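Notes to accompany the following structure.
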Amino acid sequence: MSDTRAIGIFDSGLGGLTVVKRVREILPNENIIYFGDTARLPYGSKSRKKIIEFSIENTNFLLSHNVKIIVVACNTSTAVALYEIRKMTNIPVIGVIAPGARAAVAFTKNNKIGVIGTAGTINSEEYTKHILELNDKIKVYSQACGLFVPIVEEGWIDKEITNHIIAEYLMPLKIAGIDTIILGCTHYPLLKNGIANFFENKINIVDSAESCAAAVKEKLAELNILNSSAARGTATFFVSDTPAKFSEIGSRFLDEEFSAIKVV
Ligand code: DGL
């Protein structure tokens, strides 16, 4: 059976396009409906109450488009609101945290994992809880990296100052001797090279967008609701406000030009 309903993906803004990119790589025939809450970002520094409220509204928007699965691309929303979102619907809901935690546990050899994300994600301790549920011998070293999101949005990926900021945040994790790090935020995959260099390319880097896309594919296959059409799927993008430099920021995340953007 072929299910042509779209995959619904939301994020606090355009960062979730890192997840769209991975989903399109491994599920090119699927249709995608994306919602980026650009009017209300960032979520990373907001209260639990607001993050839950916004995440519920975003989910309702996707549900109104008759999607077959909801993907919470935002780490902060996953950390704080996944449970509330799951209560809203019978269709599957996939977040970014469980798949990322699973991948990191599979990678680590010395049982020392670093997790980086927004303050909201790190304070929730959701990554730590998931990792310890899988293996309670593992030590988790968490670090909120508040400046990484604005750096990426500014496009300062290869600047010298960015390498200094990476070093400032990640030195404690290096000293702790982690052998695996989870990029627990939509924006951080864009800093992957700088982070890898800082660790002299000696550690495993888990891109939570990539593990999440794999989990989406697995879930659709398990439920037998993949789209078996031979044509490339469509991607439709909705945002709650058009930010300055919208297409520039968007194409940086997606690595392709994107069209059909609607403001809602
Ligand atoms: N999307 C958020 C996350 O992955 C980062 C941006 C924000 O703080 O809204 O945690």
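Once you charge only the Cβ atoms, +1 for Lys and Arg and -1 for Asp and Glu, what is the size of the charge dipole of the chain about its Cα centre, to the nearest 20 debye? Let's see the in-between values first.
On the way: 28 positive and 28 negative charges, 103 e Å.
Charge dipole, the chain, about its Cα centre: 500 debye, nearest 20.
Calculate how large, on average over all directions, the projected area of the Cα convex hull of the range 170-264 is; give the answer in nm² to one decimal. Mind showing how you got there, number by number?
Working: hull surface 36.7 nm².
Seen from a random direction, the Cα hull of the range 170-264 projects 9.2 nm² on average.
Order of Val264, Val93 from fewest to most other C-beta atoms within 10 Å?
Values: Val264 9, Val93 20.
Result, fewest neighbours first: Val264, Val93.
What is the set of long-range amide H partners of Tyr141 at a cut-off below 5 Å, with H atoms built 1.01 Å from backbone N?
Ile113, Gly114, Val115
Taking the alpha-carbon set of the range 69-159, what are its Rg and Dmax in Å?
For the range 69-159, the Cα-based Rg and Dmax read 14.5, 45 Å.
Please work out the Cα convex hull volume for the range 1-110 and give it in Å³ per residue. All intermediate terms of the calculation are to be shown ahead of the outcome.
Values: hull volume 13.7 nm³, N = 110.
Enclosed volume per residue, from the Cα hull, is 125 Å³.
Pick from Asn135, Asn227, Asn123: which is most flexible by mean-square fluctuation in a GNM of the chain where alpha carbon atoms under 10 Å apart are linked?
Asn135
Gap in Å between the Cα centre of the range 204-264 and the Cα centre of the range 109-152?
After rounding, the separation between the Cα centres reads 24 Å.
Per DSSP H run of at least 4 residues, take -39500 (n - 2.57); add these up for the chain, divide by its residues and hand me the 222 nm value, nearest 500 deg cm²/dmol.
Details: 11 runs with 120 residues, N = 264.
Per the formula, -13500 deg cm²/dmol.
If I build a Gaussian network model for the chain, linking alpha-carbon pairs within less than 10 angstrom, which residue out of Leu41, Leu183, Leu14 has the largest mean-square fluctuation?
Leu41
What is the fewest-to-most order of Glu154, Glu210 by other Cβ atoms lying within 10 Å of their Cβ?
Exposure proxy ranking, most exposed first: Glu154, Glu210.
In cubic angstrom, how much convex hull volume per residue do the alpha carbon atoms of the range 1-57 span? Before the final figure, lay out each step's value.
Working: hull volume 5.3 nm³, N = 57.
Value for the range 1-57: 93 Å³ per residue.
Treating only the Cβ atoms of Lys and Arg (+1) and Asp and Glu (-1) as charged, compute the dipole magnitude of the range 79-156 about its Cα centre; round to the nearest 20 debye.
Details: 8 positive and 7 negative charges, 81 e Å.
Here the size comes out at about 380 debye.
Could you work out the relative contact order of the chain? I mean the mean sequence separation of Cα pairs under 8 Å and 6+ apart, divided by the number of residues, in percent.
29
Pop the C-beta distance of Ala167 and Asn110 into the FRET formula with R0 = 25 Å and round what comes out to the nearest 0.05. Write out the running numbers ahead of the final one.
Numbers: r = 22 Å, r/R0 = 0.86.
Efficiency for this residue pair is about 0.70.
Could you give the size of the charge dipole of the range 147-264 about its Cα centre, using +1 on the Cβ of each K and R and -1 on the Cβ of each D and E, expressed in debye and rounded to the nearest 20?
On the way: 10 positive and 16 negative charges, 45 e Å.
Charge dipole, the range 147-264, about its Cα centre: 220 debye, nearest 20.
Counting just the Cα atoms, what span does the chain cover along each of its three principal axes? Round to the nearest Å and put the largest first.
Principal-axis extents of the Cα atoms in the chain, largest first: 49, 40, 38 Å.
Quick check: net charge around Ala6, other residues with Cβ under 9 Å of its Cβ, Lys/Arg +1 and Asp/Glu -1? Before the final figure, lay out each step's value.
Numbers: positive: Arg5, Lys68; negative: Glu30.
Here the count lands on +1.
Pairs Lys192/Lys262; Lys68/Lys217; Lys174/Lys202: which are spaced more than 20 Å apart, C-alpha to C-alpha? Spell out each step's value before the answer.
Values: Lys192/Lys262 30 Å; Lys68/Lys217 12 Å; Lys174/Lys202 11 Å.
Check vs 20 Å cut-off fails for Lys192/Lys262.
Go ahead and run the numbers for FRET between Glu248 and Asp136, Cβ-Cβ distance against an R0 of 41 Å, rounding to 0.05.
Computed FRET efficiency for Glu248 and Asp136: 0.40.
Could you line up Thr108, Thr242, Thr78 from fewest to most neighbouring Cβ atoms inside 10 Å?
Details: Thr108 22, Thr242 13, Thr78 29.
In increasing order of surrounding Cβ atoms, one gets Thr242, Thr108, Thr78.
Among Ala119, Ser45, Ala98, pick out the residue whose Cα is farthest towards the positive end of the charge dipole of the chain, where Lys and Arg carry +1 and Asp and Glu carry -1 on C-beta, about the Cα centre.
Among Ala119, Ser45, Ala98, the one farthest towards the positive end of the dipole of the chain is Ala98.
Laboratory data are not the source of any read-out in this text; all were calculated from the coordinates shown. Everything numeric here is computed off the predicted structure, so don't read it as measured data. Ideal geometry is used to build each Cβ from the backbone, glycine not excepted, and the neighbour counts take in all protein chains shown.
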